[in-house]
1. Pop a pseudo-label 7 angstrom from the Cα along the beta-carbon direction at both Thr184 and Tyr668 and give the gap in nm to one decimal.
2. What relative contact order, as a whole-number percentage, does the stretch 481-601 give when Cα pairs under 8 Å and 6 or more residues apart are counted?
3. Pull out the extension gain between Tyr391 and Asp248, defined as 0.36 nm times the separation in residues minus the alpha carbon to alpha carbon distance; nm, one decimal.
4. Using the number of other C-beta atoms within 10 angstrom as an exposure proxy, rank Glu225, Glu697 with the fewest first.
5. Using the 2.2 N^0.38 Å rule of thumb for compact globular proteins, work out how the stretch 8-764 stacks up: its C-alpha Rg over that value, please.
6. List the GluC sites (Glu not before Pro) within the stretch 120-191 that DSSP assigns to loop and that have no more than 16 neighbouring Cβ atoms inside 10 Å.
7. Antiparallel versus total DSSP beta bridges in the chain: what percent is that, nearest 5?
8. Relative contact order (percent) for the chain, with alpha-carbon contacts under 8 angstrom and 6 or more residues of separation?
Amino acid sequence: MKAMKKTTLAVLINTALFSAAGYAADAQVQDQAKANQLEVISVTARKRVENAQEIPVSVSALQGDNLEAYSSAGMDIRFMNAKIPSLAVESSFGRSFPRFYVRGLGNTDFDLNASQPVSLVVDEVVQENPILKGFPVFDMERVEVLRGPQGTLFGRNTPAGLVKFDSVKPSEDTSGYAALSYGTLGAIDFEGAVGTALTDNLSMRISGLHQEKDDYIDNRAEGFEQDDVLGGYEENATRIQFLYEADDFSALLNYHWRDLDGTPIVFHTNIAKPGTNEIRDDFDADVVYQDAAEFATQQVTTQGANLKLEWDLSDTHTLTSISAWESAEIYSRADVDGGYLGNPIEDSYAVWWGAQSADAIPDHNQYTQELRLSSNLNGPLNYQTGVFYYYEDLIIDSYDFVTSTADDVNHGAQNGYSTQDQETTAYAVFGSVDYDVSEDLSMTVGVRYSHDEKDFTAKLIDNPFSDTDKEETNFTESANPSDSHVSWDVSGVYKLNDDVNVFARLANSFRAPSVQGRILYDQNVSVADSETTNSFETGIKSDVLDGRGRVNATVYYFVMNDQQLTAVGGESNSNTLLNADKTVGYGFELDTQWILTDEINASFNVSYNSTEIQDDGLEVATCGSGTCTVTDPTNQVPGAFGPVTMANIDGNSLPNSPEWIANFTLRYATEIADGEFFAYTDWSYRSDINFFLYRAEEFNGKALLEGGIRTGYNWESGNNEYQVSAFVRNLTDEQVIIGGVDFNNNSGMVNEPRYIGAEFKVNFF
C-alpha cells in the first residue's frame, strides 16, 4: 500500500473540520437552542423507510437545494460526478449512456451491451441497459448512493454499489411546480409537475421536462466547412403516476417516456500535446476539424411502465409486488477520430485513417418481477423475503461508413454492418433478518441465491475491410455463459448514545458473466467469467453540537476476484473482455453537514479510494497509432496491421478511478422585506484519472475543480411560492481532457464550459 502523504487537500480537510467544530462549539456555549437543527434524512437503502443515521450501510443522499443546484443549467445525469463521496460519472456518448463508478469500480466499455458493476434503480426498478441509465432527473424526491456490495436485497450486478432515484409520488393534496430557465448558447430548460386527488382513493401526478440548446460548434476542416453543426440537442421526458389507496391495499402505476434528438459528445483529434496531458495551445472547444461532422446525430427513445401493489396483512406483514417493463432505442453516429484524412505529423488536425461509425439499438425489452414479504412486528425480530425474475431481449447494430474527400460521392456511404442478439434470463431468491440483540445493538443477516444465463449471437454481415467478396469474410459466433452464486451480508449497528452510532458490515456479491461481440472491426467474441467481491467496512454516524452538525465516516477494504475488465481501443474501435486475478481496494469516506449560524449552512465531503490490479501476466494493447507515451512495461506482438505494443497492467489503478473526491457547499439566506434572499455555492474536486487500463501521459486526465453559484429571492403570494434566481456552472471555465479515443491519433473530449443562466420557478399548493 502507498503511504498517504499530507497533501494540500488533506490540510484543507483538517482545517475545515476543526475550524467548523471550533466555531460551532463556541456557538453551543452561547446558545443551546434546538430550534435550528439538521433535518432527519430518510432513505430506503434496505427497502424500508429508515433514518440514514441508524442503518449499517454507507449511504449518501441528494435532495433539496443541493439537488436543485447541481441539476440546473440543463445538465444530464452526469451532474452527479464528484458530488457524493466515492462517486464518479462519465460518458463517451454525451447525454446518454452514463457510466457510474463507486469506490473506483466501474466499466469503461462503450458497447451498448456493456455490463456495469454499479446498478441504477429508479422507482424500485433496475435499469440494466446503459441507455436506460440516462433518463433525465426531474421531479425527484431524493437520490441515494449506496456504497459497497448490495447483492442481498438488490441483486445482480451490484458488487460496487448502486445509485437509487425516487421520484415524487402522487398524494391527495393538490400541489406542483413549474420552472423555466434560459442560459448560455440559447439553452432552455423547463420542468414542472402537478398532482391532485381524483377521488377519495385515487390521486395522480404528471411530471414533464423539456431541454434544448442550439448547435454552436463550427467545423473548419477544409472542404467540410460548416457553422453551428454540433453541440445542440432537444430532449423531452414525461412521467405519469396514479396512486390508489384503500385501508389495507395500495396500487401505484408509473409510466415514463424520454425522447432525445441531438448530437453526441464531440471528439477532438490530437487534443493533447505529445508526451503530456496538456491541451494543445490552439485548441478551441467551439471548433472542430472533422470530415464527418455533418452526419453526426444521436436519437434516443426510452419508455417503461411499472405497477407496484402492496397489501397490509393483519398489520404484521406487508406483501409487495413490483411488475415492470422497460424499453430503449438509440441511433448514435459520430466522427470518432475527431479529424480528417491527412498527415498528422504535418497537420495536428489530420488523422491517418477515418473512423466514422454508428451504433444502434433497434429493439430492446426488459421485464422484471419482484415479490417480497416484509414483517412489521413489534418485537426484536423483523425480516424480508422474496423472489425476483429478470428477462431482457436486446438487439445491437453497428455500422461503418466511408470516409473520403468532400467531393467523393461515396463519402458517408455505409461500408460495414454487424449485429448482436442477446437474451438474458435471471432469477433470485432472497431473505434478510433484522434482530435487536439489545436496546443498543442491532444485527442484520442477508442471503441471496442468484442464477443468470445469456444466449448471445454476433454476426458480421458486411465486413468493412473487404472490398471484393465480403461473404467470404463474414461469420457468426455464439456464446452461452451462465452462472449461479450465493451472495450474503452480515452487519451490525451499536448505539453509543442518542446521537452516535457505530456500524460494521461484511458483504459478498457478484457480477454475472458478460459477453462482448462488437465484431465490426475486431472479429472476436469475448466472454468474462463472473466476478466476486468480499468487502469489509466500518464507520460512525453522529449528530453533534446539539443537532447543528452531522459527521459520518466510513473506512473500507475489498478484494475482488476475477474482476471483469474491458480493454478498449488499441488497434481498432472495439472492446475485449478480460478477467483479472485479483483487484484490491481500500479507502475512506467522510460526510459532514453544518448549521454554522441561523443564516448559514455548509457541507463538506471527501473520499479517498485506492485500487490496484494484481495479475502478473495481464497485458492489453496500447494506442493504435503508436503516438501515445506509455509509462507501463511494454513488449511487441504481431497484429493484423503490424506490430502491436502490449502493456503490462499489473499494479495499475482502475481506469476513471480518482483517488480523491471532495465536495463543499455553502448556503446563506436572510429575510428581506416579505421574502428571503439566498446565495449558494458548491465546489467539487476529483484528482487525476487514467482513461484506460494502461497508463500513458496523453491519456491521463488532469485533476478537475468545478464550482457553481446560485443566488436569488424567494417570496410567497397567495397559496404560491415564487423564486427568481441567476446561476453559473463551471464558474472558473476550467477545461481539461476528460476522456480519450486511443485507436487513432489521441482523440479526446473535454468537460462542459462555463454556463450562465437565469430561472423563474413557482411552487403551488
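Quick note: the coordinates plus some simple rules give every number you see, no bench work behind them. Worth saying up front: this structure is predicted, and the values here are computed from it rather than measured. Note: ideal-geometry Cβ built from the backbone for every residue, glycine included; neighbour counts use all protein chains shown.
1. In this crude spin-label approximation the distance works out to 2.4 nm.
2. Working: 279 pairs, mean separation 25.9, N = 121.
RCO, the stretch 481-601: 21 percent.
3. Details: separation 143, 0.36 × 143 = 51.48 nm, distance 3.09 nm.
Result: 48.4 nm gained on full extension.
4. Numbers: Glu225 13, Glu697 16.
Placing the least packed residue first, the sequence is Glu225, Glu697.
5. Numbers: Rg = 26.0 Å, N = 757, 2.2 N^0.38 = 27.3 Å.
Working it through for the stretch 8-764, the quotient is 0.95.
6. Numbers: sites: Glu124, Glu128, Glu141, Glu144, Glu172, Glu191; in loops: Glu124, Glu128, Glu172.
Answer in residue order: Glu172.
7. The answer is about 95 percent antiparallel.
8. Working: 2266 pairs, mean separation 87.3, N = 765.
Reported as a whole number, the value is 11 percent.
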